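The values are calculated or read from the model by the stated rules, or taken from the named source; none is laboratory data. The structure displayed is predicted, hence computed values, not measured ones. We place every Cβ from the backbone using ideal geometry, glycine too, and count neighbours over all the protein chains shown.
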Amino acid sequence: FDFDLVVKNGFIVTASDTVRADIGVKDGKVVLLMANIPVPDGCAVIDAEGGFVTPGLIDSHVHIAQSAAKSLGAKSADNWTTASQSAVAGGCTTVIAFAVQNRGTSMQAAVDAYHDLAVNNAVCDYSFHVIVTDPSEEQMHIELPKLIEQGITSVKIYSTYPALKLSDEEILNTFYAARQYGVTVMVHAENSDMIAWMTRDLAERGMTEPWHHGTSRPPIIESEATNRVLALSELMDCPVLFVHVSAPDAFKVIREAQTRLMSVYAETCPHYLLLTAQEMKAPGFEGAKACCAPPLRENPEDRERVWENTVNGTVTVVSSDHAPTKYHDEFGKQLGLTKNPGKNPRGDFRYIPNGLPGVETRGPLMWSEGVCKGRMSPNKFVELNCTNAAKLYGMYPQKGTIQPGSDADFVIWRSPSARKTSKVTVKNLHSACDYTPFEGHDIEDWPVLTILRGKIVYDGKTNDVVAEPGYGAFLKRGKSSLQGPRNKWLSDWRPRYMDDQAKANGA
Ligand code: URP
Ligand code: ZN
Ligand code: ZN
């Protein structure tokens, strides 16, 4: 045997199994899983001390140095170095961030610009989803196939935010092309006109404190848009992933469609599992720290519905939706105050940038609240935080599992008897953001080590990121390996490319 690393004394956890075995690694790849692997001379050894070894986590929804955040007045707190350092310190070895197509520009230009930001700066592996703002014929049918060849195989679309939102017709154009080329479509589903109407009315009545961000967006805003976009995807027979799902009725719509065997996927985030709208009612302007879209929900029972749907199979992936804006920064979460000095001492929700930091806390919170507290098995944790993201976004089995041939990306967690409770505090985090919405939250365990392609990138004993910026590599992704289109049509209509193919085949 020839290895350069052996991980010993761990329980290897995949989405399907937990096995007591050692892991042999050569050139950054897993080459052998076997009990008591003999260690060759000169080979490094990591002793997992009876703890769990999961695949490196994947965060498939992070906003890093994203320019379109400017539409909300936000300046991203993190650059690629601090965001990826924060990622690995929370056990995450792969992130997929967003490259925004600004209106009137090409998707390729967006991808090129975000490559420039990430290259030489990331300490974890990475890729991009394109946020599509112009699904024109040229972009969808000339540029998109070229992006797929470059390994960019997913897009995100919005039904809200003036700078980003697509009309129903544009959403149909996107689904049409995505089905044709096998692209994963992520959807941010909120009803834009309902939000605009409520926001105008609340503002006219002076109801602009941070928590009225939530008043302006009750759960029906999310469930209506989810239902509508689902209908658009059904018409096109195109698989769809709803991101950051928070409202019980949105989960109902998704689960009902899954029961009808539609290829519908859902993502949720730790903040919808662990926080409520109470956070937005913190004294002074502090509530601005919890301002995100969809908003944290009022009712603690809604949180329980999110847990149920996370464990019962409705949810496919858990991500952080890391979208950090500094609180103490004139461009940051304080913007709600600075735009209205003196007018409303509690700020104005219309100007508070949406989004929360969370790439570092996602894994430890999900492990603590999910696995350590008995809400889910270690295997379910791996499915939600590693494997399904790898499958959905075309990285499996290079990423998202531990098997011969996959990248040697691991997180080592303590055995149950060695766990020590601690508290989340921004002081220990590696993001450049100056707060965490989980400050003071209990943590049952934090990664002991994060390993990326056979190298330690984070040492939990000292809380140090030890990888150099630039170690992280761009990942060329393939197509989703989850259930694709089902060939279920709602009338005699078929996409033209299918009719053309049928004719070419002599049908
Ligand atoms: O509030 C949020 N989620 N901000 C980030 C942008 C987005 O839509 O995910
Ligand atoms: Zn979104
Ligand atoms: Zn987001």
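Of the residues that sit in region 96-136 and are of a type in the set (Val, Ile, Thr) and under 17 Å from residue 185 (Cα atoms), which one is surrounded by the fewest Cβ atoms within 10 Å (Cβ to Cβ)?
Taking region 96-136 as the starting set, the residues that turn out to be of a type in the set (Val, Ile, Thr) are 96, 100, 105, 111, 119, 123, 130-133.
Narrowing further to those that are under 17 Å from residue 185 (Cα atoms): 96, 100, 111, 130-133.
Values: 96: 24, 100: 26, 111: 20, 130: 26, 131: 23, 132: 28, 133: 23.
Looking at residues that are of a type in the set (Val, Ile, Thr) and under 17 Å from residue 185 (Cα atoms), I get 111.
Could you please let me know if residue 151 is under 21 Å from the mean Cα position of the chain (by Cα), among the small types (Gly, Ala, Ser) and away from ligand 3 (no atom under 16 Å from the Cβ)? Taking the combined requirement at face value, the residue satisfies it.
Restricting attention to region 273-310, and to residues there that are among the aliphatic types (A, V, I, L, M) and under 17 Å from the mean Cα position of the chain (by Cα), which single residue is nearest to ligand 3 (Cβ to nearest atom)?
In the first step, residues of region 273-310 are kept if they are among the aliphatic types (A, V, I, L, M); the result is 273-275, 277, 280, 282, 288, 290, 293, 296, 306.
Now narrow it down to the ones that are under 17 Å from the mean Cα position of the chain (by Cα): 273-274, 293, 296, 306.
Numbers: 273: 16, 274: 17, 293: 8, 296: 14, 306: 17 Å.
The extreme case among them is 293.
Restricting attention to strands (runs of 3 or more DSSP E) lying wholly within region 1-112, give those where 3 or more residues are out of contact with any helix residue (DSSP H, G or I) (no Cβ under 7 Å at 6 or more places or on another chain). Break it down stepwise before answering.
Details: elements: 5-8, 11-13, 18-20, 22-26, 29-34, 44-47, 52-55, 57-62, 92-100.
It comes to 5-8, 22-26, 29-34, 44-47, 92-100.
I'd like the residue in region 456-485 that is among the basic types (Lys, Arg) and touching a Ser or Thr at 6+ places or on another chain (Cβ under 6 Å) and, out of all such residues, is surrounded by the fewest Cβ atoms within 10 Å (Cβ to Cβ). Within region 456-485, the match that is surrounded by the fewest Cβ atoms within 10 Å (Cβ to Cβ) is 479.
Does residue 88 fit the bill of being β-branched (Val, Ile, Thr), within 16 Å of ligand 2 (Cβ to nearest atom) and either more than 21 Å from the chain's Cα centre (by Cα) or buried (at least 23 other Cβ atoms within 10 Å of the Cβ) (or both)? No: the conditions fail for residue 88.
Per-residue answers, yes or no, for (1) closer than 30 Å to residue 493 by Cα; (2) modelled with pLDDT of 95 or more; (3) within 16 Å of ligand 2 (Cβ to nearest atom); (4) not basic (Lys, Arg):
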position	(1), (2), (3), (4)
209	no, no, no, yes
245	no, yes, yes, yes
251	yes, yes, no, yes
307	no, yes, no, yes
319	no, yes, yes, yes
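Take the conditions of a type in the set (Gly, Ala, Ser) and farther than 30 Å from residue 478 by Cα and apply them to residue 189. Does it pass? Against the criterion (of a type in the set (Gly, Ala, Ser) and farther than 30 Å from residue 478 by Cα), residue 189 does not qualify. The residue pairs whose first member lies in region 277-299 and is among the hydroxyl-bearing types (Ser, Thr, Tyr), whose second member is surrounded by 19 or more Cβ atoms within 10 Å (Cβ to Cβ), and whose beta carbons are closer than 8 Å, counting only pairs six or more residues apart or on different chains, do not exist in this structure. As a summary of the residue check, residue 163 satisfies the conditions (1) more than 16 Å from ligand 2 (Cβ to nearest atom); (2) in a loop (DSSP other than H, G, I, E, B) except for the one numbered (1). Can you find even one residue in region 260-276 that is within 16 Å of ligand 2 (Cβ to nearest atom), β-branched (Val, Ile, Thr), closer than 27 Å to residue 152 by Cα and surrounded by 24 or more Cβ atoms within 10 Å (Cβ to Cβ)? Looking for residues that are within 16 Å of ligand 2 (Cβ to nearest atom), β-branched (Val, Ile, Thr), closer than 27 Å to residue 152 by Cα and surrounded by 24 or more Cβ atoms within 10 Å (Cβ to Cβ), one finds at least one in region 260-276, hence yes.
Can you confirm whether residue 237 is closer than 30 Å to residue 496 by Cα, of a type in the set (Asp, Glu), touching a helix residue (DSSP H, G or I) at 6+ places or on another chain (Cβ under 7 Å) and touching a residue at least 24 places away in the same chain (Cβ under 8 Å)? Walk me through it before giving the result.
Working: closer than 30 Å to residue 496 by Cα: yes; of a type in the set (Asp, Glu): yes; touching a helix residue (DSSP H, G or I) at 6+ places or on another chain (Cβ under 7 Å): yes; touching a residue at least 24 places away in the same chain (Cβ under 8 Å): yes.
Yes, satisfied.
For region 256-307, what are the residues that are in a helix (DSSP H, G or I), closer than 20 Å to residue 334 by Cα and within 16 Å of ligand 1 (Cβ to nearest atom)?
Here is the first cut: in region 256-307, the residues in a helix (DSSP H, G or I) are 256-259, 270-274, 277-281, 286-290, 300-307.
Remaining after also requiring closer than 20 Å to residue 334 by Cα: 277-281, 286-290.
Across region 256-307, the qualifying residues are 277, 279, 280, 287, 288, 289, 290.
Determine if region 184-192 includes at least one residue that is within 16 Å of ligand 1 (Cβ to nearest atom), surrounded by fewer than 22 Cβ atoms within 10 Å (Cβ to Cβ), of a type in the set (S, T, N, Q) and over 18 Å from the mean Cα position of the chain (by Cα). Checked against the condition, which is being within 16 Å of ligand 1 (Cβ to nearest atom), surrounded by fewer than 22 Cβ atoms within 10 Å (Cβ to Cβ), of a type in the set (S, T, N, Q) and over 18 Å from the mean Cα position of the chain (by Cα), region 184-192 yields at least one hit.
Only one residue in 99, 113, 109, 87 is small (Gly, Ala, Ser), under 30 Å from residue 403 (Cα atoms) and at pLDDT 95 or above. Which one? Talk me through it step by step, then tell me what you get.
Working: 99 fails: under 30 Å from residue 403 (Cα atoms); 113 fails: under 30 Å from residue 403 (Cα atoms); 109 fails: under 30 Å from residue 403 (Cα atoms).
It is 87.
Report yes if some residue within region 72-84 is touching a Leu at 6+ places or on another chain (Cβ under 7 Å), within 15 Å of ligand 1 (Cβ to nearest atom) and in contact (Cβ under 8 Å) with a residue 40 or more places away in the chain; otherwise report no. For region 72-84, residues touching a Leu at 6+ places or on another chain (Cβ under 7 Å), within 15 Å of ligand 1 (Cβ to nearest atom) and in contact (Cβ under 8 Å) with a residue 40 or more places away in the chain: present. Which of the residues belonging to region 215-243 are buried (at least 23 other Cβ atoms within 10 Å of the Cβ), in a helix (DSSP H, G or I) and away from ligand 2 (no atom under 16 Å from the Cβ)? Of everything in region 215-243, those that are buried (at least 23 other Cβ atoms within 10 Å of the Cβ), in a helix (DSSP H, G or I) and away from ligand 2 (no atom under 16 Å from the Cβ) turn out to be 233, 236. Only residues that are away from ligand 3 (no atom under 16 Å from the Cβ) and closer than 27 Å to residue 395 by Cα were counted across region 154-181, and they come to 11.
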